[in-house]
């Protein structure tokens, strides 16, 4: 067996920042510490922090008055921020800066009188937060079929934005459909799909022709991890999205297979290595790391924590 270990894979700068923010907040404030939604969409990370006394909530009212709450990497709406102030919460904003960029664009377009078409997945934490910036000005589409169902007057000002963790190829198709139907459409000067999402998709797309089986480390509720498995399946390969080596099944493999191993942007590297170690032990697999693109992006801790850690 041969393992192709894709690079880049795993943690992106936004996830690194969010996880480090929560670790730092735990050291500074202790537990119980509250996080609005999952810090990142990865079950092992959430379970690890829960064991340390972190409480993940889906409603800001679940945080006791005067408590400490950390906003997840996916961002929150202005209404959540307002409620936090109302409840006298110490709020730490671990929103990924690339998500914040989309929020800023939404506010700008709304102020300029645009109707905003947001391309994203209904119910995703990031989409909920973004739509909360301008709910009266925004409509969500998930597919080209949704685009066909839209009906706007020819003179309406239209702009589009995208969730940061979508499939690059699928999103291009939706944007093209929007532009065909609404020639007046405008959009951001740079793609909203984050660099890490694009790079991990590019690595799978480039390397999957050499593979028989693809293993993606990531959780079922991770949008960007699901996209990696989808790309592999679209290329006709067997692809499995798993959280850890405990879910790996030996019957998925033949002893002579070439196995592509990658990880979504919120999946920890120790789980990748555990899967590689299992395949080495079980199938005497040789590992070949393959780098498609270098990444050198870092995001600082939220200002609320930078101030405290400098003291």
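The values are calculated or read from the model by the stated rules, or taken from the named source; none is laboratory data. Computed from a prediction, not measured in an experiment: that's the story for all the values here. Positions of Cβ are backbone-derived with ideal geometry, glycine not excepted, and every protein chain shown enters the neighbour counts.
Things to note:
- The one condition in (1) assigned to a loop (DSSP other than H, G, I, E, B); (2) in contact (Cβ under 8 Å) with a residue 60 or more places away in the chain that residue 202 fails to fulfil: (1)
- Total residues in region 35-66, condition under 16 Å from residue 93 (Cα atoms), assigned to a loop (DSSP other than H, G, I, E, B) and touching a residue at least 40 places away in the same chain (Cβ under 8 Å): 4
- Screening residue 177 on (1) closer than 30 Å to residue 266 by Cα; (2) in a helix (DSSP H, G or I) shows it passes everything except condition (1).
- Within the set 95, 115, 100, the sole residue that is at pLDDT 95 or above, farther than 19 Å from residue 221 by Cβ and in contact with a helix residue (DSSP H, G or I) (Cβ under 9 Å, 6 or more places away or on another chain) turns out to be 115.
- Region 4-21, residues that are in contact with a strand residue (DSSP E or B) (Cβ under 8 Å, 6 or more places away or on another chain) and buried (at least 23 other Cβ atoms within 10 Å of the Cβ): 6, 9, 10, 21
- Filter result for residue 200 (crowded, with 20+ Cβ neighbours inside 10 Å, over 30 Å from residue 156 (Cα atoms) and not assigned by TED's automatic domain parsing to the domain that holds residue 103): yes
- Filter result for residue 44 (surrounded by fewer than 22 Cβ atoms within 10 Å (Cβ to Cβ) and under 21 Å from residue 225 (Cβ atoms)): yes
- Qualifying residue in region 154-172 (condition: part of a loop (DSSP other than H, G, I, E, B), crowded, with 16+ Cβ neighbours inside 10 Å and over 21 Å from the mean Cα position of the chain (by Cα)): no
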